[in-house]
Amino acid sequence: MAREEVLDLLQKYVIPYRVTKGKGFRLKDFDPGDTGGLQIEKAEATELLQAGTAWLAEEQDMLYAQDRWSLLLVFQAMDAAGKDGTIKHVMSGVNPQGCQVFSFKQPSSEEIAHDFMWRYARRLPERGRIGIFNRSYYEEVLVVRVHPELLERQKLPQPLVSKRIWDERLADIAHFEEYAARQGTKILKFFLHVSRKEQEKRFLERLDEPEKNWKFSPSDVHERKFWDEYMHAFEEAIAATASKQAPWFVVPADNKWFSRLLVAAATVEALVSLDLAYPKVDAAKKKELTAARRALSRER
């Protein structure tokens, strides 16, 4: 199958889950168990993913060589939605030199002493590289919104903590992404949409299987109590920040094989859209290469 045909096929499965306009967006319109109509065996899904990651590796190599664009992949989800596994499988073939992964945990005292975007802005990918945020600045309008006590720790001047703070922060994020896009950073945002039932199943697996015990944290179960609040916060965040230059992808996450395929497809599609190519060698460089070849030949 020609690459043009493959790209058309990728777009067929990517488009239904891409959100570029927030008006009318409702999370309930997306089924966490959806597989885009694909009915394939696990082996076939694995083969498709390998083909996608191989293509991704080629595009990433040109991205690195061209050294003009950068790509930022943002992953947000409830616990056990499969962020770590998706990143691991989709990026398995990418050259580590051209990839930067950051997982944002509880902020340090230094980070709290700055504005809420400071620690994220300084981790944007360099030109020619793919940056991955495993959780991101969206935590500031998700977990901080669900747990207001976290906002108090950020030591904001009290007059600035108004009822509009979440709308203001979402606007700040949208403007930040618009700015980054104008500087050559392509941004893709993935919300791995897992169902509450599937999350429970995965939590039980972590408890029942000794090799998965390390993944379990009592706080995971505690956060389930706030499921509705989180879904509302995710819906508001996606609706307020979806745009053509920084689209959201609501990725059905109940079937890991499909969520990985979808993330790989969306990433490949985005890189192909940049029309990447290896730098052309000018006349002066060609002379240098010819001279180098002659020097090496004389050593024989």
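In the chain, the longest principal axis of the Cα atoms and the axis of helix 196-208 are about 80 degrees apart.
Note on region 61-142: Cα-Cα pairs beyond 22 Å make up 32% of the total pair count. Solvent-accessible area per residue in the chain equals 56 Å², computed with a 1.4 angstrom probe and all protein chains kept. Once you order the gyration tensor axes a ≥ b ≥ c over the Cα atoms, which shape class does region 192-263 get: rounded for a/c under 1.5, otherwise prolate or oblate by comparing a/b with b/c? Since a/c reaches 1.5 but b/c is at least a/b, the shape of region 192-263 is classed as oblate. Taking all C-alpha pairs of region 103-146, those more than 13 Å from each other amount to 58 percent. Between the beta carbons of E41 and D208, assuming R0 = 25 Å, the FRET efficiency works out to 0.45 to the nearest 0.05.
Look at the Cα gyration tensor of region 1-152: its axes a ≥ b ≥ c give a/c of at least 1.5 with a/b at or below b/c, and that counts as oblate. Farthest toward the positive end of the dipole of the chain, out of V146, G24, V281, is the Cα of V281, where the dipole comes from beta carbon charges about the Cα centre. Rg and Dmax of region 171-300, both derived from C-alpha coordinates alone, stand at 24.1, 74 Å. With no solvent and one equal point scatterer per Cα, compute the Debye intensity ratio I(q)/I(0) for the chain at 0.13, 0.14 Å⁻¹ and report its log10, rounded to two decimals. These q points yield log10 I(q)/I(0) values of -0.97, -1.11.
Under a 5 Å amide H cut-off, with hydrogens placed 1.01 Å from N, A242 pairs with G22 among residues at least 5 apart or on other chains. Considering only A283, A45, A233, the Gaussian network model of the chain with Cα springs below 10 Å gives its largest mean-square fluctuation to A283.
With a ≥ b ≥ c the root eigenvalues of the C-alpha gyration tensor of region 89-227, is it rounded (a/c under 1.5), prolate (a/b larger than b/c) or oblate?
On the way: a/c = 1.97, a/b = 1.13, b/c = 1.73.
Here region 89-227 falls in the oblate category.
Within the chain, DSSP assigns beta bridges of which about 10% are antiparallel (rounded to the nearest 5). Considering all alpha-carbon pairs of region 1-85, what whole percent are spaced by more than 19 angstrom? Result: 59 percent of Cα pairs exceed 19 Å. Helix 256-273 and the longest principal axis of the C-alpha atoms of the chain enclose an angle of approximately 50°.
The distance separating the Cα centre of region 147-224 from that of region 106-125 comes to 15 Å.
The length gained by stretching the chain between K12 and D61 to full extension, at 0.36 nm per residue less their Cα-Cα distance, is 15.1 nm. Taking the longest Cα principal axis of the chain as reference, the axis of helix 165-182 is set at about 0 degrees. Along the axis of the charge dipole computed for region 1-128 (Cβ charges of +1 for Lys and Arg, -1 for Asp and Glu, origin at the Cα centre), the listed residues Q39, V74, L56 are led at the positive end by V74. Carbon-plus-sulfur accessible fraction, the chain (probe radius 1.4 Å, protein heavy atoms only): 51%. A Cβ-based charge dipole, computed about the Cα centre of the chain with Lys and Arg at +1 and Asp and Glu at -1, lands at about 1020 debye.
The values are calculated or read from the model by the stated rules, or taken from the named source; none is laboratory data. The structure presented is a predicted model; accordingly, all values stated were derived computationally and were not measured. Ideal geometry is used to build each Cβ from the backbone, glycine not excepted, and the neighbour counts take in all protein chains shown. Accessible surface areas use protein heavy atoms only, side chains included; no ligands, DNA or RNA. Shrake-Rupley method; radii C 1.70, N 1.55, O 1.52, S 1.80 Å.
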